[in-house]
Amino acid sequence: MTGYGRGEAAVNGWKLEVELSGVNRKQVDISVNLPGALQELESEARNLLAKSISRGRLAARVLLTHDDGTDNRLLFDEGLAKQYVAAVRRIALDTGIEPNLTAADLFRAPGVFRVDESGVDPLEVREALFSALGSALAQLVKMQQDEGGHLRADLQARLAGIVGEVAAIRALAPLVAPAYRQNLMKRLGDSGLALDLDDDRLLREIALYAERCDITEELTRLDSHVALFRTYLESNEPMGRPLDFLCQEFNRELNTIGSKANDAAIARHVVNAKTELEKIREQVQNVQ
C-alpha cells in the first residue's frame, strides 16, 4: 500500500533526516539510499524495513548534515566542474546548439559538490539513524493502516455482492433439472415421438443431466472461501498473498458453476459475481 513517513534525529552535531515512501507492488522491493560514510549500516536498515512490509516498493532516503558553524563541510571539485563546462562547450560547437549552462546546472552534476562526511563514525550515529528510521516507519505504517481500513470496507462490500449472487444461484440450482425435463418432454412431443414417461431411456437421460448439472460441491466450496476471506480481512497479519490465492479459487468455482449449470439465469449471476471478483482482485494487489 502507499505511504509516507519522515523522521529526524541528532547526535554530536550530526543531524539525520529520513524519508520513507511506499507504493503498491505485488512483490517486495526495498531501496535504501544512505550517505557513503554510513554504507555499512545499509544491511541492518534494510532488515528493519523488511520486517514491516510483506509487499510493495519501499524507498528510504537518508540525509546526513553537520551543524558546526563552518563552511568546510561542502566540498567543491573545481577541476571536475571545468571538465563539465568544457564538455558542454565542445558538444555545442559540434552540434550548433547554444551552450546554455548556468551555475545552478553544476549543482546537479554528479561529483561537483558533495558534503564532507569523512569525520563521521557510523557507530557514533547508528542509534540516531535508527531512531529517525523508526519514527519515519511508524508514520508510514500508520498511513498504510488508515488506507487499509478503507480498503477492508470496500472488499467487504464487494464480497457481500458475491454472496448475494451465490445465494441467487443456490435458489435457481434445484430448478435446472426439472426445467430440462420439461423442455425435453416438450421437444419429444413436438417431434411426434410417443414415449412412455417411465421409459428407462428417458429417465436415464434426465438422471444423467441432473448429475452433470449438480453444483452442490461448488456452492459448498464457495461458502468456505467466503468464510475464510472474511477471516483474513479481520486479521492484523499480512494477508495479501492468501487473499490473492482465494480470488483464484473463487474464479475457479464460478467458472465451473457456469459450465455445469448450463442455465441462462445462473449464467447471469455468475457474470455478476465475476465482475465483483475482478474488482476485488485488483484491490487485493494493494494489500500487505
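The values are calculated or read from the model by the stated rules, or taken from the named source; none is laboratory data. All values reported here derive from a predicted model rather than from experimental measurement. Reconstructed Cβ throughout: ideal geometry from the backbone, glycine too, with neighbour counts over all protein chains shown.
Sub-6 Å Cβ pairs linking a first residue in region 34-48 that is without any contact (Cβ under 8 Å) to a residue 40 or more places away in the chain to a second residue that is part of a helix (DSSP H, G or I), at least 6 apart or interchain, are 34/42, ordered by first then second residue. Considering only residues in region 11-30 that are surrounded by fewer than 21 Cβ atoms within 10 Å (Cβ to Cβ) and at pLDDT 90 or above, the one that is farthest from residue 241 (Cα to Cα) turns out to be 17. Within region 242-264, the residues that satisfy the criterion of being surrounded by 15 or more Cβ atoms within 10 Å (Cβ to Cβ) and farther than 15 Å from residue 161 by Cα are 242, 243, 244, 246, 249, 253, 256, 257, 258, 260, 261, 263. Scanning region 63-102 for residues that are assigned to a strand (DSSP E or B) and either modelled with pLDDT of 80 or more or under 30 Å from residue 139 (Cα atoms) (or both) turns up 63, 64, 65, 66.
For (1) more than 11 Å from residue 129 (Cα to Cα); (2) part of a helix (DSSP H, G or I); (3) in contact with an Asp or Glu (Cβ under 8 Å, 6 or more places away or on another chain), each residue gets a yes or a no:
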residue: 4; (1), (2), (3): yes, no, yes
residue: 7; (1), (2), (3): no, no, yes
residue: 18; (1), (2), (3): no, no, yes
residue: 39; (1), (2), (3): yes, yes, no
residue: 47; (1), (2), (3): yes, yes, no
residue: 61; (1), (2), (3): yes, no, yes
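Could you look through region 134-161, keep only residues that are hydrophobic (A, V, I, L, M, F, W, C) and within 24 Å of residue 44 (Cα to Cα), and pick out the one that is surrounded by the most Cβ atoms within 10 Å (Cβ to Cβ)?
Out of the qualifying residues, it is 140.
Per this entry, residue 105 is counted among residues that are acidic (Asp, Glu) and either at pLDDT below 80 or not in a helix (DSSP H, G or I) (or both).
Collect the residues in region 227-237 that are touching a residue at least 40 places away in the same chain (Cβ under 8 Å) and either closer than 18 Å to residue 55 by Cβ or buried (at least 17 other Cβ atoms within 10 Å of the Cβ) (or both), keeping them in residue-number order. Across region 227-237, the qualifying residues are 229, 233.
Restricting attention to region 248-288, the residues being under 19 Å from residue 219 (Cβ atoms), among the basic types (Lys, Arg) and touching a residue at least 12 places away in the same chain (Cβ under 8 Å) number 2.
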